[in-house]
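What follows is a short report on a single structure.
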Amino acid sequence: MTDRTRDALAVFATGALLGVAILVNYAVNRPDTFGLNYRVYHVAAEAALAGRDFYAVTPADSGYHYVYPPAAVLAVLPSALTESWVPGFLAITAVSTAASALAARLLVGYVESLGYAVGRLERVFLFAFLLASASSAPSLGYGQVNHVLALALVAGFVWLARDRETKAGVALAIPAFVKVFPAAVGLWLLRRRAWRAIAAAVGTAASLFGLGLLAFGVDTTRTYVTAALLPQRETADFVGGLAPGKSFVTLRRPLSVLAPNVDPLWYAVGAAALLAPVLAALYYRPRTVTDRHVAVHGTLVATVLAFPSLLLYYAFTAFSLVVLLYDLPAGRGRQLFVAGALLANVSLSYGNLRETLWALPVGPATRRTILDAALPILRLGTPVLWGSLLTLAGCLVYRVESGALSVPAPLRAVFDGD
């Protein structure tokens, strides 16, 4: 077994096992979690079919509202044909499973096109990782659309690498249209000067927006912008420092904890300021295919960390994460990357930890000791955040090791092993 195979299996297997543990926890301790988001889609579809405001309705047992663009509700309209949300939830679970299988197939084909063999066991665990990693499992349980959006990102970057720019632009526009923040992947399209992909992405998003406008009118579109889109900035959550129980992966978390009394707008500015030089370094003169892969990884990780993203959105980094587990050459950069990928599999917040400890046969004193020890660490950042930053560090070190970037002489010894 090669080092690449061992590293990939370690990341895929640990991620999938931790994800299965999350689903088991839901089944045993929180069965009402299943379909949590899909129930929102279901009542929104019912309202849309009846000609009512689908941004105003909410399931009686959750209190959540529909927050996606008007055109997206067309995809779930068939759910309104049945009174129960369960058939639709089963259907979206099947769709998510198929999406993960297709994403795994695309990734295996792309990795093998780079000259690396992907064995049967790796394929099985890769599929399990994409379907039910610790970051993907919540979306699967909730009945979310994130598996489909992750497939769109994988397909988009595979097609972009194969110079099929129009198809890539269409694919990359879908998650950007639905969730908005993935539009930041356009930074790499601009850096690559992929003009046809940019045109296709803009055209696709504009067409979908126009479809919603045509189908539901100006008032509904305005409601989406004012009542659904703008509130997703989540700035109020960061006032006084983000609460440790909140399941956010964003770089704004540590900034809000370290500077709790400033306007939350500055956390966004600070996150961008910290990530910009990293992206600049990864974008600097990409000479090889691997250089392009680390640049894409920087883009995807920055997209997740710059915005108030939930832990489950780490799954959107799947393309570059999987590819680099094979494509990064041996060295300290690879070691950091693999360590970060393993750490990021621990999709845990303080709230998750507290809930897990309550579900385990642990005494009150032990539980309190663990929570007290974990609080200052998880208040500042989650393992997903620190793991993501480690993978970025690995990408930067790789570029130094490859000679693409230079470092000051005092730091040179670190990379030379002196």
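For first residues located in the range 360-389 and closer than 13 Å to residue 311 by Cα, partners that are open to solvent by 50 Å² or more (accessible area, probe 1.4 Å) and lie 6+ apart or on another chain with Cβ distances below 7 Å form the pairs 383/343; 383/346; 386/343; 387/343. Count of the range 230-259 residues, restricted to those that are open to solvent by 50 Å² or more (accessible area, probe 1.4 Å) and either outside any loop (DSSP other than H, G, I, E, B) or closer than 23 Å to residue 390 by Cα (or both), is 8.
Taking the listed residues 334, 285, 368, the one that is of a type in the set (Lys, Arg), surrounded by fewer than 20 Cβ atoms within 10 Å (Cβ to Cβ), in a helix (DSSP H, G or I) and not assigned by the TED database to the domain that holds residue 176 is 368, with no other qualifying. Among the helices (runs of 4 or more DSSP H) confined to the range 114-182, the ones with at least 3 residues that are under 18 Å from residue 100 (Cα atoms) and in contact (Cβ under 8 Å) with a residue 40 or more places away in the chain are located at 120-132, 137-142, 146-161.
Here residue 33 meets each of (1) in contact with a His (Cβ under 7 Å, 6 or more places away or on another chain); (2) at pLDDT below 95; (3) open to solvent by less than 30 Å² (accessible area, probe 1.4 Å) with one exception, condition (1). Taking (1) in contact with a Pro (Cβ under 7 Å, 6 or more places away or on another chain); (2) at pLDDT 95 or above in turn, residue 252 satisfies each apart from (2). Mind listing just one residue for me: the one in the range 183-194 that is without any contact (Cβ under 8 Å) to a residue 24 or more places away in the chain, assigned to a helix (DSSP H, G or I) and open to solvent by 30 Å² or more (accessible area, probe 1.4 Å) and, of those, nearest to residue 145 (Cα to Cα)? Step by step, filter the range 183-194, then rank; the result is 183. Screening residue 212 on (1) assigned to a helix (DSSP H, G or I); (2) open to solvent by 20 Å² or more (accessible area, probe 1.4 Å); (3) of a type outside the set (Ser, Thr, Tyr); (4) at negative phi shows it passes everything except condition (2). Looking at 48, 44, just one residue is open to solvent by 10 Å² or more (accessible area, probe 1.4 Å), part of a helix (DSSP H, G or I), among the hydrophobic types (A, V, I, L, M, F, W, C) and in contact (Cβ under 8 Å) with a residue 12 or more places away in the chain, and that residue is 48.
The values are calculated or read from the model by the stated rules, or taken from the named source; none is laboratory data. Quick caveat: nothing in here was measured; it's all calculated off a predicted structure. Reconstructed Cβ throughout: ideal geometry from the backbone, glycine too, with neighbour counts over all protein chains shown. Surface areas here come from the heavy atoms of the whole protein model, side chains and all, with no ligands, DNA or RNA. Shrake-Rupley method; radii C 1.70, N 1.55, O 1.52, S 1.80 Å.
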